[in-house]
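Mind having a look at this structure? Questions to follow.
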Amino acid sequence: MIAYETRLGKIDISETYLSKLIGHEVTGCFGVVGMVPSGNRQRIFNRLSGKENPDTGIVVTGNADTIEVELHIVVTYGMNINAIANSITEKVKYVVAAQAGITVSRVTIKIDGIKE
């Protein structure tokens, strides 16, 4: 839970909210086929639920000032991975700053697969 005080009161933002926000944006990026579960907890939850959740493959850490995001994605074969990574990085930084008012200090993208 990321919490900070304003003049109007306390604001709590959960990592789940940020993960879902980021997941919706990343899966919409050109060249991204999907997300890969980043840990055993996500793998088990996806198998039990039978569907892929928007926060699959995303790890958010940090505090109210800055956060770090780790993404596990599958990309389309033949695409420029550097261009995809740059696009995702800029989109994640913009969306989190616009929606939550939090600065993203680092976006780590791990390519876990390539699909045709």
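Could you list, ordered by first residue, the pairs with Cβ atoms under 6 Å in which the first is in the range 70-95 and part of a strand (DSSP E or B) and the second is hydroxyl-bearing (Ser, Thr, Tyr), at least 6 apart or interchain?
Every condition considered, the pairs that remain are GLU70/THR108; HIS72/SER38.
Can you confirm whether the range 85-101 contains a residue that is modelled with pLDDT of 90 or more, more than 26 Å from MET1 (Cα to Cα), of a type outside the set (S, T, N, Q) and surrounded by fewer than 16 Cβ atoms within 10 Å (Cβ to Cβ)?
Filtering the range 85-101 for residues modelled with pLDDT of 90 or more gives 85-99.
Those left that are additionally more than 26 Å from MET1 (Cα to Cα): 85-87.
Going one step further and asking which of them are of a type outside the set (S, T, N, Q), we end up with 85.
From the residues that got through so far, the ones that are surrounded by fewer than 16 Cβ atoms within 10 Å (Cβ to Cβ) too are none.
The answer is no, given that none of the residues of the range 85-101 is modelled with pLDDT of 90 or more, more than 26 Å from MET1 (Cα to Cα), of a type outside the set (S, T, N, Q) and surrounded by fewer than 16 Cβ atoms within 10 Å (Cβ to Cβ).
Continuing with this model, one more query. Among the residues of the range 67-74, is any at pLDDT 90 or above and of a type in the set (D, E, K, R)?
yes
Please enumerate the residues belonging to the range 1-16 that are farther than 17 Å from THR108 by Cα and buried (at least 16 other Cβ atoms within 10 Å of the Cβ).
If we filter the range 1-16 for residues that are farther than 17 Å from THR108 by Cα, which is where we start, we get 1-14, 16.
The answer is ILE2, ILE13.
With the requirement that a residue be out of contact with any helix residue (DSSP H, G or I) (no Cβ under 7 Å at 6 or more places or on another chain), under 21 Å from ALA85 (Cβ atoms) and at pLDDT below 80, what does the range 16-60 give you?
Of everything in the range 16-60, just one residue is out of contact with any helix residue (DSSP H, G or I) (no Cβ under 7 Å at 6 or more places or on another chain), under 21 Å from ALA85 (Cβ atoms) and at pLDDT below 80, namely SER38.
Here is a check on your reading of the model: is VAL107 touching a residue at least 40 places away in the same chain (Cβ under 8 Å) and either part of a strand (DSSP E or B) or not hydroxyl-bearing (Ser, Thr, Tyr) (or both)? Step through it out loud before you land on a result.
Working: touching a residue at least 40 places away in the same chain (Cβ under 8 Å): no; either part of a strand (DSSP E or B) or not hydroxyl-bearing (Ser, Thr, Tyr) (or both): yes.
For VAL107, the condition - touching a residue at least 40 places away in the same chain (Cβ under 8 Å) and either part of a strand (DSSP E or B) or not hydroxyl-bearing (Ser, Thr, Tyr) (or both) - is not met.
The values are calculated or read from the model by the stated rules, or taken from the named source; none is laboratory data. These figures come from a predicted structure and were not determined experimentally. With ideal geometry, Cβ positions are generated from the backbone for all residues, glycine too; neighbour counts draw on all protein chains shown.
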